[in-house]
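Read through the structure below, which is laid out as structure tokens, and then see the notes.
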Amino acid sequence: MTIAAGFVCSDGVLLASDTLYSSTGMGLKYGPKFWILNHGDVLVAFGGAGSEAGLLRTRDEIDRKLSSGQSLIRVLDIIDSSLQKVSNKLPDHPDWKSHCLIAIRVNGQTLLYENSAGSNMLSPVQQACQCVGYAQSLGWYFAASLFHAGMSIRWAKIVAAHLVKNTKEYVETVGGDTHLVEVPHVGTPRRIENKSEIADLEAYLGPVAQAMTAVLPDETTNEETIRARLLIVKAAIDKAVRSMVIEPPTGGMTFQSGSTSFAYDASQTPLVLRLSATQPPQDSEEK
């Protein structure tokens, strides 16, 4: 079981996955699920959800037939025929069927394609992102909430890391490390497997979750307190959206209700997305 996701970004395509394969009756196994097949001006990043044997064999078939100078149509035909050839050799069981996400870069343009599970024909991904695998519904929730068309790879990596992290947390059959693959329109593609770099990306959205818990009511809050907290969070997010670069705030913010207070020290958060408001926004009514 698995999660794999693809994001169509302003400057290329980003792919993400966990590393736990379907057991297919042979116990749990871990490994990468995306590979970069680089043939000069023709580049394919191939992978997705399915059995390890099926993905690896399909990868090798595609890589063997690719060569520099091929057109997009020729590359699509190669991938279609490779999917068909491997599918004919695999057991007729859902666990062996592959749902692939494939980034194809030809002539400086990177496009995202997929095949539906069990299909041997690629079609372009029509939306800004796509999730496949056992946890695709949960993946879609995080992708739809956080990713939008026109986002660059730099920021999509934060969404992708958050998406995989949470599917691993809430779906038992998704697990292992998080891997990302960057395929820019121009430049060298890159695999991201370093655990420290992945952890940094996962941490970006931590303060948002922390701040939202402060908005939830408890026995000491009333409607005015909750409203004031929401205004602080909204103002901070609005500021982050408007800013090209967000400087680390100094100090923090404190919510006070009776004898109970909630303090958030923003200076201790090494993140790009920061809750940078230190006072509630001024309103016509006195809080």
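The values are calculated or read from the model by the stated rules, or taken from the named source; none is laboratory data. Given the structure is predicted, the values throughout are model-derived calculations rather than measurements. Positions of Cβ are generated from backbone atoms using ideal geometry, with glycine treated the same way; all protein chains shown enter the neighbour counts.
Can you spot a residue in segment 123-140 that is surrounded by fewer than 18 Cβ atoms within 10 Å (Cβ to Cβ), among the hydroxyl-bearing types (Ser, Thr, Tyr), in the same structural domain as VAL183 (by TED's automatic domain parsing) and part of a helix (DSSP H, G or I)?
Yes, there is a match, as at least one residue in segment 123-140 is surrounded by fewer than 18 Cβ atoms within 10 Å (Cβ to Cβ), among the hydroxyl-bearing types (Ser, Thr, Tyr), in the same structural domain as VAL183 (by TED's automatic domain parsing) and part of a helix (DSSP H, G or I).
Does segment 69-77 contain at least one residue that is over 20 Å from the mean Cα position of the chain (by Cα) and buried (at least 22 other Cβ atoms within 10 Å of the Cβ)?
yes
Can you tell me which condition SER123 does not meet? The list is (1) in contact with a strand residue (DSSP E or B) (Cβ under 8 Å, 6 or more places away or on another chain); (2) touching a residue at least 60 places away in the same chain (Cβ under 8 Å), and all the others hold.
(2)
Just to verify a result, which residue in segment 166-201, among those that are of a type in the set (D, E, K, R) and crowded, with 19+ Cβ neighbours inside 10 Å, is farthest from CYS9 (Cα to Cα)? Can you show your working first?
So the first thing to find is which residues in segment 166-201 are of a type in the set (D, E, K, R), and the list is 168-169, 172, 177, 182, 190-191, 193, 195, 197, 200.
Now drop any that are not crowded, with 19+ Cβ neighbours inside 10 Å, which leaves 168, 182.
On the way: LYS168: 24, GLU182: 10 Å.
Checked segment 166-201; the qualifying residue farthest from CYS9 (Cα to Cα) is LYS168.
May I ask you to list the residues in segment 103-133 that are of a type in the set (Val, Ile, Thr) and farther than 24 Å from SER71 by Cβ?
Result: VAL132, single match.
Restricting to segment 57-90, what's the tally of residues that are among the aliphatic types (A, V, I, L, M), in contact (Cβ under 8 Å) with a residue 24 or more places away in the chain and within 15 Å of ASN120 (Cα to Cα)?
7
Each row is one residue, and each column tells you yes or no for (1) in the same structural domain as ASN107 (by TED's automatic domain parsing); (2) in contact (Cβ under 8 Å) with a residue 12 or more places away in the chain; (3) not in a loop (DSSP other than H, G, I, E, B).
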{"residue": "ALA161", "(1), (2), (3)": "yes, yes, yes"}
{"residue": "GLY175", "(1), (2), (3)": "yes, yes, no"}
{"residue": "GLU197", "(1), (2), (3)": "yes, no, yes"}
{"residue": "GLN210", "(1), (2), (3)": "no, yes, yes"}
{"residue": "GLU219", "(1), (2), (3)": "no, no, no"}
